[in-house]
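Sharing a structure with you now.
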Amino acid sequence: MKAIEILKDFFFLERGYLNANHFAYRSREPILIDTAYIGDFSHTADRLSAVGIEMDRIGLIITTHCHCDHVGGNRILQEQSGCDIALHPLGKHYMDTRDDWSTWWRFYHQEADFFKATRTLEDGEIVPIGPHEFEIIHTPGHSADGIALFNKKEKMLLSSDALWEKDMAVMTLRVEGRGALPAVLSSLERIASLGAQRVYPGHGPPFTRVNEAISRSTERVRRFLKNEADIGNDLLKKITVYTLLMQRGAPEDTFYPRLMQTAWFKDTVDFYFSGQYRIKYDEIIKGLLEKKVLLRKAGNLYATVKP
Ligand SMILES: [Zn+2]
């Protein structure tokens, strides 16, 4: 997958589902936005080198939120370069207090490293990335510390996990609380008011049908509000796939007992499906195999989506 130069010296690096998409501004003191997943760091470093980023010269990393697929390179890149890392004040608080619950890492058994948050980014603040100016848009809901970046001149939005084209990022009410769904609706309204004409999302390719994407997500949240079991099903499917990507597949005979040892699987089935663990597991795996999101090979389960 080639990097796209979306503004002068500013590159969009599209990744997959395990690794969030990220951005790099090439200069004597490069600036990065997000750094993908820790397990694929060497691939991330190769992608950055390919667009001319010198890792030891990085001046600033902007983190759109502290989920593991967005902060994977932060600690190591900060060690190599001594760079600043800027994020929403809530995210900085999570790092300052070593809070691996609010970041979801503990709940979902994800690998991630704490890093030194040196700067905060407030809603409405303008951040220069070389000659390009971006406004910080706080987008709570999916993650309380979520931010998007908007370039008014080009009507270009870097939406992170606040807006995807065809799907929507997972909702974790257990961590974010019940206010998370109304918060998503407010964040989508805020995004709609920007008049963005091109969106570079946290996952998936860039898109221009911005209003359609906003309407699709809004409808989805309204359905979630009417029928909470939909949230549970969506979460179980997405995190099952994510877990298989993190683990590069898993033996099928031990996958169920391993999921039962995680906090998220048991908790989610308890919360939405009154504890019918095995029934739910079988249903989710069957559905994902039928849709070819998973495949079964030599006794193992693998995710087929791009990591
Ligand atoms: Zn996220």
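Each value in this text was obtained by applying a stated rule to the coordinates, not by laboratory testing. Quick caveat: nothing in here was measured; it's all calculated off a predicted structure. Neighbour counts are summed over all protein chains in view; Cβ atoms, including those assigned to glycine, are modelled from backbone coordinates with ideal geometry.
May I ask you to list the residues in segment 136-154 that are over 13 Å from L87 (Cα atoms) and either in contact with a strand residue (DSSP E or B) (Cβ under 9 Å, 6 or more places away or on another chain) or exposed (fewer than 15 other Cβ atoms within 10 Å of the Cβ) (or both)?
Once the filter is applied, which keeps residues that are over 13 Å from L87 (Cα atoms) and either in contact with a strand residue (DSSP E or B) (Cβ under 9 Å, 6 or more places away or on another chain) or exposed (fewer than 15 other Cβ atoms within 10 Å of the Cβ) (or both), segment 136-154 yields H142, F150, N151, K152, K153, E154.
Where in segment 66-180 are there strands (runs of 3 or more DSSP E), lying wholly inside it, with at least 1 residues that are charged (D, E, K, R)?
It comes to 84-87, 132-138.
What number of residues in segment 188-219 are on the phi > 0 side of the Ramachandran plot and within 16 Å of the ligand (Cβ to nearest atom)?
Here the count works out to 1.
In segment 5-39, what count of residues is obtained for those that are out of contact with any Leu (no Cβ under 7 Å at 6 or more places or on another chain) and either charged (D, E, K, R) or within 16 Å of K306 (Cβ to Cβ) (or both)?
Of the residues in segment 5-39, 16 are out of contact with any Leu (no Cβ under 7 Å at 6 or more places or on another chain) and either charged (D, E, K, R) or within 16 Å of K306 (Cβ to Cβ) (or both).
Taking segment 16-25 on its own, how many of its residues are in contact with a strand residue (DSSP E or B) (Cβ under 7 Å, 6 or more places away or on another chain) and either within 14 Å of the ligand (Cβ to nearest atom) or without any contact (Cβ under 8 Å) to a residue 40 or more places away in the chain (or both)?
Residues in segment 16-25 being in contact with a strand residue (DSSP E or B) (Cβ under 7 Å, 6 or more places away or on another chain) and either within 14 Å of the ligand (Cβ to nearest atom) or without any contact (Cβ under 8 Å) to a residue 40 or more places away in the chain (or both): 3 in total.
Cβ contacts < 8 Å: first residue free of Cβ contacts under 8 Å to residues at least 40 places away in the same chain, restricted to segment 248-264; second residue among the polar types (S, T, N, Q) and assigned to a helix (DSSP H, G or I), any location; separation 6+ or different chain. Result?
Every condition considered, the pairs that remain are L259/T240; L259/T243.
Within segment 22-41, which residues are among the polar types (S, T, N, Q) and over 15 Å from A112 (Cα atoms)?
Taking segment 22-41 as the starting set, the residues that turn out to be among the polar types (S, T, N, Q) are 27, 35.
If the condition is that a residue be among the polar types (S, T, N, Q) and over 15 Å from A112 (Cα atoms), then S27 is the only one that fits.
Follow-up question, since we're still on this one. Can you find even one residue in segment 275-291 that is surrounded by 14 or more Cβ atoms within 10 Å (Cβ to Cβ), under 30 Å from A112 (Cα atoms) and of a type in the set (V, I, T)?
yes
Among the residues of segment 99-118, is any in contact (Cβ under 8 Å) with a residue 12 or more places away in the chain, out of contact with any helix residue (DSSP H, G or I) (no Cβ under 8 Å at 6 or more places or on another chain) and under 27 Å from L7 (Cα atoms)?
yes
Same structure, new question: Which number in (1) more than 17 Å from the chain's Cα centre (by Cα); (2) away from the ligand (no atom under 16 Å from the Cβ) marks the one condition that F114 misses?
The failed condition is (1).
Tell me, which residue of segment 163-187 that is among the small types (G, A, S) and touching a residue at least 40 places away in the same chain (Cβ under 8 Å) is farthest from the ligand (Cβ to nearest atom)? First the steps, then the outcome.
Let us first name the residues in segment 163-187 that are among the small types (G, A, S), namely 169, 177, 179-180, 183, 186-187.
Now restrict to residues that are touching a residue at least 40 places away in the same chain (Cβ under 8 Å): 180, 183, 186-187.
Details: A180: 12, A183: 14, S186: 17, S187: 13 Å.
For segment 163-187, the residue satisfying everything is S186.
Here's another thing I want to ask about it. So, of the residues in segment 50-108 that are among the polar types (S, T, N, Q) and more than 23 Å from R15 (Cβ to Cβ), which turns out to be farthest from the ligand (Cβ to nearest atom)? Full working, then the answer.
The first filter runs over segment 50-108 and keeps only residues among the polar types (S, T, N, Q), leaving 63-64, 74, 78, 80-81, 97, 102-103.
Next cut, more than 23 Å from R15 (Cβ to Cβ) only: 97, 102.
On the way: T97: 20, S102: 12 Å.
Here the residue is T97.
Looking for whichever is part of a helix (DSSP H, G or I), touching a residue at least 12 places away in the same chain (Cβ under 8 Å) and under 19 Å from H203 (Cα atoms) here; the options are D234, D267. Which one fits?
D234
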